[in-house]
Amino acid sequence: MSAQTMQAIRTYRYGGREQLKLEQIERPVPQSGEVLVRVHAAGVNPIDWKIRQGLLRASFPTPFPHLPGRDLAGIVEEVGPDVTTFQKGQAVFGQSMHGTYTEYTPASIYTLALKPKTLSFDEAAAIPIGAATAWEGLFDFGELQAGQRVLIQGAAGGVGTFAVQFARKKGAYVIGTTSTPNVDFVRSLGANEVIDYTATLLEETVHDADLVFDMVGEKTLESSLHAVKRGGTLVSIASEPPERKAHQLGIHVVTIATRVSSELLHTFAQLIDEGQVKVVVGKTFPMREVGKAHELSEQGHGRGRIVLHIAD
């Protein structure tokens, strides 16, 4: 393979997993404010397959060919003009808006940080969007305080695993929902209570949460509304909460879009290296099995973040 080309996954139209094509394409060059990262691992987020299917075309119109993925961990291969923040050879993790299902990608220096020393590249790639979403949903939008009660819907997933740990570290009383196989796992993350939604109606269990953080959306939004106390907050990342009904119940509702920053990534790396937060990788796939990775992500009900292992 030429030094100026690379392997990458691209799509040429909206559609199913068969649209994911493994190709050899030209290697990009970092621009001002960017570094070129040799990608060792890429996180697989639900937004990746939702964009591929065209479900988000109104909010994320996709120019084709499209290179999927946002989360990454790897080694700085080259620095762009005037970049002094990073140097060639440094291990980093973070986000690239140029796509990460590839051997090399440019990334903004403002969405990268040095990789946690205690983690592998696969583990580091599982952090950025999941941890940033959890942090912003709980603290920036949910304004969670010590001593408050927080319900985390989808507590075993790529966002939920971080949300449980962050909320407990804050000193909140944490209630998590998950399916039967993950009940003990969510409890091990620090949840005070774990509700198996396949066996228990949430509406009959939780009514007085100060904050509900909903990662599931759709059907769970109804139960989330009834779990929040009057004056409380419902934060959703999956779908729009019904504002009229929320107003009737005296609930503040927020739908968030995540912003990954170097500052947040540095905070996560420090917490992880200090042993205060652990990272959960659900399953890893080689790049050629990206279709299987998307299939597993589409099924939901998983544990932690799915990761594409791209290089050793």
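Here, each number is a calculation from the coordinates, and none is a lab measurement. From a predicted model like this one, the values you see are computed outputs, not experimental measurements. All Cβ positions, glycine included, derive from the backbone under ideal geometry; neighbour counts span all protein chains shown.
What do you get for GluC sites (Glu not before Pro) in the stretch 190-222 restricted to DSSP loop and a cutoff of at most 12 other Cβ within 10 Å of the site's Cβ?
On the way: sites: Glu193, Glu203, Glu204, Glu218, Glu222; in loops: Glu218.
Those that pass, being in a loop and sparsely packed, are Glu218.
Given their separation in residues at 0.36 nm each and the Cα-Cα distance between them, Glu26 and Glu240 gain 73.1 nm when the chain is fully extended.
Output the relative contact order of the chain, whole-number percent, from Cα pairs under 8 angstrom with separation of 6+ residues. Across the chain, relative contact order equals 19 percent.
Sorting the Cα pairs of the stretch 202-293 by distance into bins of 10 Å, from 0 upward, gives 15, 30, 27, 23, 5 percent per bin.
A viscosity of 0.890 mPa s and a temperature of 25 °C, combined with the Kirkwood radius over Cα pairs in Stokes-Einstein, give a translational diffusion coefficient for the stretch 1-155 of 146 µm²/s.
Charge tally around Tyr14: other residues with Cβ under 10 Å, Lys/Arg +1 each, Asp/Glu -1 each, net +3. Reducing the stretch 271-300 and the stretch 136-201 to their Cα centroids gives an inter-centroid distance of 19 Å.
For the chain, the longest principal axis of the C-alpha atoms and the axis of helix 160-170 are separated by about 60°.
Per-residue ellipticity at 222 nm computed for the chain from its helices equals -6500 deg cm²/dmol, with DSSP H segments shorter than 4 residues left out and the rest contributing -39,500 (n - 2.57).
Lysine pair count for the stretch 130-255 with Cα-Cα distance under 25 Å and sequence separation of 8 or more or different chains is 5.
How do Phe93, Phe185, Phe121 line up, fewest other C-beta atoms within 10 Å first?
Phe185, Phe121, Phe93
Compared with the dominant principal axis of the Cα atoms in the chain, helix 262-273 is inclined by about 80°.
Close amide H partners of Gly157, meaning residues 5 or more places away or on another chain with modelled amide H under 5 Å apart, are Gly304.
Under 5 Å from the amide H of Glu78 lie the amide H atoms of Leu36, each residue being 5 or more positions distant or on a separate chain, with H modelled from the backbone and absent for Pro and chain starts.
Farthest toward the positive end of the dipole of the chain, out of Val290, Val76, Phe162, is the Cα of Val290, where the dipole comes from beta carbon charges about the Cα centre. Please go through the residue pairs Lys21/Lys292; Lys117/Lys278; Lys115/Lys278; Lys88/Lys283 and name each one whose alpha carbons sit more than 19 Å apart in this structure. Pairs exceeding 19 Å: Lys88/Lys283.
Relative to the 2.2 N^0.38 Å rule of thumb, the stretch 130-255 has a C-alpha radius of gyration ratio of 0.92. Per-residue extension of 0.36 nm, minus the Cα-Cα distance of Glu263 and Thr85, leaves a gain of 62.8 nm for this segment. With neighbour counts taken as other beta-carbon atoms within 10 Å, the residues Ile310, Ile129 rank, fewest first, as Ile129, Ile310.
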